[in-house]
Structures are given as structure tokens and as C-alpha cells.
Amino acid sequence: MSKDFSPLAGEILMDNLQTLRCTITGLTTGQQYFVQVSAYNMKGWGPAQTTTPACASPSNWKDYDDREPRHKGQNEVLESLLQQVRALHQHYSCRESSKLQTTGRKQSVSRSLKHLFHSSNKFVKTLKRGLYIAVIFYYKDNMLVTNEDQIPIVEIDDSHTSSITQDFLWFTKLSCMWEDIRWLRQSVPISMSSSTVLQTRQKMLAATAQLQNLLGTHNLGRLYYEPIKDRHGNILIVTIREVEMLYSFFNGKWMQISKLQSQRKSLSTPEEPTALDILLITIQDILSYHKRSHQRLSPGLYLGYLKLCSSVDQIKVLVTQKLPNILCHVKIRENNNISKEEWEWIQKLSGSDSMESVDHNADCPTQLFFYELQMAVKALLKQINIPLHQARNFRLYTQEVLEMGHNVSFLLLLPASDDVCTAPGQNNPYTPHSGFLNLPLQMFELVHFCSYREKFIGLYCRLSAVVELDALNTQQSLREAISDSEVAAAKQRHQQVLDFIQQTDEVWREMRWIMDALQYARYKQPVSGLSITKLIDPSHEQNLKKISSTSSHIDCLPSTSPSPEMHRRKAVSGKIKSSLAWPPDSWPCLH
């Protein structure tokens, strides 16, 4: 911690010199550290060489403007809100229990009538124009089927509306709280005068409980990102779960997926397949999506590409089929931290009118970062099939570094403001190669947070699903209230629920980095962000391509001079990392 290296803060012996990098852990943010290196062979140690710069302090990009972290205290707020909601449920359920005793006969008649019209407590074999839930339990190449060799399916509703977007989004939240289904059903009063939306939610809860009872398990897995629809009026919501072994189920057995596909007798024509046929045909794609949506990136700093498209009722995010829970990306480096100096350099570069005001000499601490960014931008443009000359208006997102979780950080590459989100009917100027997927925004956020912020999304989905249902219930109570006291009590209860919804939404907005980035990216005046023309000169790149016919490697270099990446830098890192560099003329020498 002092320039004379007395006393030593530590030392490391490196005997594997295939990579000239060293990670030093346990450093303190803001503390200056000095590093020197000596080389060794059979004749002993060479003279110690110091770094350029002589010292460095571990820092983080948030130190640049003393910014608070985005992820701070949200879990605690949601836990507190959830406890308050549950306490209110218990309070109101106790008050309602006394009323139920006086209306026992009425309830009994309602249950009897309901039983007459309720579907039998068995799996559905054929679809007959309705809304259904299908469950896929799989283990390797085997899949759980019913005793009649059918996929486990139950009916939700036989008279659903054509659009179930909002109901489906609510059901995605329900998929994070399977164990609370019974409690939720008990807290929702059954009424024939309920709104259509409330009745649909009640039927979803009933169908889910029916599936859980038939299969003998609470956990029905994760939702597929969109319902499967056909021209016959059927809608199939699909849940997927990978099990650890071939469990025995009371109402099911295991069958090879290929066998199930081959012996399935379709009741529809190839031109108009039913939703069940579509499910069987695409089942491998569905399982592949499920497996890949659980995978996380290795720790590091990445450059992601933000591209969306909109339709009549939703916005979709461009992702890769290989990793649908994160944006299209390339890796910049192993170190996920961006230092204060690096972030300051990005801010200065984005605000400067020319490259001449930015220092890129050999002694510049950010030179390696500059080269890493150049190569990452080129690699990402190549991945999404956009020539450099067409990307002149692309820029880097300079509002924040996205700290996803699990030591994964992202910088974002943004298209021109008019091209960030393609509207219906608008030609998409950029056509990526195959292997990409447009994922509905809410489903992207669900699978993303399930991978990188698991506790948060679990709490949010639980709370949001419950208060949304409570809002429908209290609205119904308000409509049914007759006396002044009933109206006042219903208004008070409804306002409590609205307050919970508002607080939940505030926490959700704090975490939705993609909406902040989208809003920033669509600003037209002034044009915001760091233009990639300040990182890469498209005309210079064209010249490089012309003279690189004899070398495939030169395309990767930011200039015609050799890149010092492999020989000039060492990473000094702790929980927060910083870089020190050796200029080429001061490499450690061997005796």
C-alpha cells in the first residue's frame, strides 16, 4: 500500500504463464495499491518492474457521481408488503366467517348447482373450443402422460374471450406461487355476479388446483412464453418442469417423447392443426426453450444489443434462442466491474466533439478498455448481421452499467432512436441471422429475473398476483354494497388494495432497467449516448478490410499497430476490480 513496498500487503507466485493475468482478491475500495513484478528462471529473480500507472485504487462506476445502486432494499420492501397483505387477508377472512354461518344453506345450494355444471375431475382427451392448461413433466427423453397416453390437460374455461393477454400475464405470476394456490382460492369468494375477469381468474385457480390434485404435486413448473392457439378457438397454456428422476405418479406414467409423437392420431387437418397437435409437433423446441431459459452467463462484462418490436397488444424483445433470458450479447472481458476511471472516460468521450480531445496513448489507463470495446462492438454487429457502415447512428447507453446479478454486468448498444422499437407495418432495417427469438417483454423480464434476481421476482410475483386479485374482489364488493356502512367499508378495503398496488408498482419500476433503457434510447433531441463512430471509424475499417486479404487476424485489430492486450496489462481485482499496465518497454526481463 506504499510505493516502497514496505510492508508488503501480499504476494502471488504465478507458474502458469499461458495467460499474463493475475487476480488479486480482498482489496479495499478507494485504497491505493502498488504492484511490482519480477520474473524468475534457473538463474534466479530479475529486477522488479513497476506498473504504469504506478498505483491504482479499486473503484466502481457509481463512484463517478456517487450514485446509489439500483438494487437496494427492494426485497425487504416486498417482504414487508406481503406480510401486510397476508395479515389483512386473515383479518377479513375472520370477519367473513361469521357471515358464512348464517348463509350456510345458500352456500350449500350454490355448491350443488356448481357441481352439476362443473367438469369431471379428470384429464381432457380432446380439445373442444376452450381455454386449457397442459403440463409437461420430462426427464431426459421421457415425458409424463396420463394412463390413456395423453398429455395431462385440464379445462379452464369453455367460454373465454378471444384475447387472454392480461389473464395470461397474471397466470405467469401465479406460476411463481404454486404452493399458495389453496390459500388464494380460499380468499376468493365465489359469486355468480362476479365480473368476467374475476370469474376467469377463479377458473384458473380451480383448474390449477385440479391439476395439482391429479398429479399429486404443487410444483407445475415454469410457463412457456406464449399460449398455443389454433383456428378452432382453442388456447393452450403450457407449463414445463424437468424432474430429477422418473417419479411414479398416481394418475400418470412415463413414455418416450418420440413414441408419443409417432402414435398420436391427429383429429385435424395439416392445414388447420389443433393446439394439441401444435404442442406435440413443437415439443422439442418448447423443451429446448425451457432448458436454455434457466442457464446463466458466466461472470464478466458484456455488451448487449437492445432491439424491440411492437404489435397491437404487446412489445417483444430480440433475444437469442441459445439464451432467451438475456439480450443478444458478446463478452467484453472477464472482469465484470467498470472502474470510476473507465466510466469517466466513457462520459468524456460521449460529450466530446472529436476524438482529438481524448487521450489514447500507451500510458492511458483506459486504453485496453478502449480496444476491448472496439472489438466487442464489431463482434456484436457481426452477430446481428449489421454492416458497420449501416450502424453509424448506433450508440452506447451511457446512463448506467446494468448490474444484472451473479457478477454479470452489461453495457448496451442502442440502434438509432427511430429503429429501437419497430412498429407494426414498419420495415425492419436490420435482419439478424437465424437463431433469434422475439420474446414478449413481460415474459423476457420474468425469465430474466428468474435467472439473475430469483428472490426478487418470486416476491414480486406473489405480491402482484395477490393484490391484482384483491383489486377485482374489492371492486366486486363495492358494486354489491347496499347500505352506507357496507359502501364505506368496501371503499376503505378497496383503497387499501390500491395503495398496495401503487407501492408494488413503484418497486417494480425501480427494477425494470429495460424500460429505462428503452425510454432513453428513443430520445430524439438531443441524440443521447456514445456514438460508436467515436470508437470505430467505418471508413478506416473499410480500408483495413481491403488490405487484410493476406491476414484474417487484422480485422480484429482496432488499428494497424499491434494490440498490447496480451502483453501490456494485468488485472488487479478484488470484490471490485481495477487495472494496472506494463508498457512494452518495461516488461520483466529474464536473466
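So how much accessible area does Tyr225 have, in Å² to the nearest 10, using a 1.4 Å probe?
Around 20 Å² of this residue is reachable by solvent.
For the range 471-528, which whole-number percentage of the solvent-accessible area (1.4 Å probe, protein heavy atoms only) is attributable to carbon and sulfur atoms?
After summing per-atom areas, the C and S share lands at 51 percent.
Please compute the net charge surrounding Lys291, taking Lys and Arg as +1 and Asp and Glu as -1 over other residues with Cβ under 15 Å from its Cβ.
+2
Taking a 1.4 Å probe, which of Phe394, Phe436 shows the most accessible area, and what order do the others take after it?
The ordering from most to least exposed comes out as Phe436, Phe394.
Modelling each spin label as a point 7 Å along the Cα-to-Cβ direction, I'd like the Ala471/Ser311 distance in nm, to one decimal.
Rounded to a tenth, the inter-label distance reads 2.4 nm.
Can you give me the solvent accessible area of Met404 with a 1.4 Å probe, rounded to the nearest 10 Å²?
Near enough 10 Å² of accessible area.
If you scale each eigenvalue of the Cα gyration tensor by 5 and take the root, what three semi-axes come out for the range 1-58, rounded to whole angstrom and sorted largest first?
Calculated on Cα positions only, the semi-axes equal 22, 14, 10 Å.
Would you list Met245, Met515, Met42, Met255 from the most to the least accessible area, probe 1.4 Å?
Most to least solvent-accessible, the answer reads Met42, Met245, Met515, Met255.
Per 0.36 nm of contour for each residue apart, how much would the distance between Lys122 and Trp183 grow if the chain were fully extended, relative to their Cα-Cα spacing?
Going from the current span to full extension adds 19.7 nm.
Please give the length that would be gained between Lys322 and Gln256 if that part of the chain were fully extended, namely 0.36 nm times their separation in residues minus their C-alpha to C-alpha distance (nm, one decimal).
The Lys322-Gln256 span can extend by a further 21.3 nm.
So, R0 is 22 Å and r is the distance between the beta-carbons of Asn41 and Phe5; what FRET efficiency does that work out to, to 0.05?
It comes to 0.50.
Whenever you get a sec, line up His232, His218 from highest to lowest accessible area (probe 1.4 Å, protein heavy atoms).
The ordering from most to least exposed comes out as His218, His232.
Between Gln295 and Lys382, what FRET efficiency follows from the Cβ-Cβ distance if R0 is 35 Å, with the result rounded to 0.05?
0.95
At a Förster radius of 45 Å, what calculated FRET efficiency corresponds to the Cβ-Cβ distance of His218 and Thr29, to the nearest 0.05?
Approximately 0.55, to the nearest 0.05.
Which of the pairs Lys173/Lys524; Lys72/Lys173; Lys173/Lys203 have their Cα atoms more than 25 Å apart in this structure?
Where the Cα-Cα span goes over 25 Å, the pairs concerned are Lys173/Lys524.
Suppose each label sits 7 Å from its Cα in the direction of the beta carbon; what would the Thr50-Glu244 distance come out to in nanometres?
So the two model labels end up 5.6 nm from each other.
Subtract the Cα-Cα distance of Met14 and Asp66 from 0.36 nm times their separation in residues, and report this length gain in nm to one decimal.
Extra length from Met14 to Asp66 when fully extended: 15.1 nm.
Let me check against my output: what whole-number percent is the relative contact order of the range 1-58, with C-alpha pairs under 8 Å and at least 6 apart?
Contact order relative to length: 33 percent.
Please give, to one decimal in nm, the separation of the simple spin-label points placed at Ser159 and Gln399, each 7 Å out from Cα toward the Cβ.
For the pair Ser159/Gln399, the computed spacing is 4.6 nm.
Probe 1.4 Å, all protein chains in place: accessible area of Arg185 in Å², nearest 10?
100 Å²
From the C-alpha gyration tensor of the range 138-291, pull out the three semi-axes of the equivalent ellipsoid (sqrt of 5λ each), sorted largest to smallest, in whole Å.
Semi-axes, largest first: 26, 20, 14 Å.
The values are calculated or read from the model by the stated rules, or taken from the named source; none is laboratory data. Small disclaimer: the values here were computed from a predicted structure and weren't measured. As a convention, Cβ positions derive from the backbone with ideal geometry for all residues, glycine included, and neighbour counts pool all protein chains shown. In case anyone asks, the SASA skips ligands and DNA or RNA and just uses the protein heavy atoms, side chains included. Shrake-Rupley method; radii C 1.70, N 1.55, O 1.52, S 1.80 Å.
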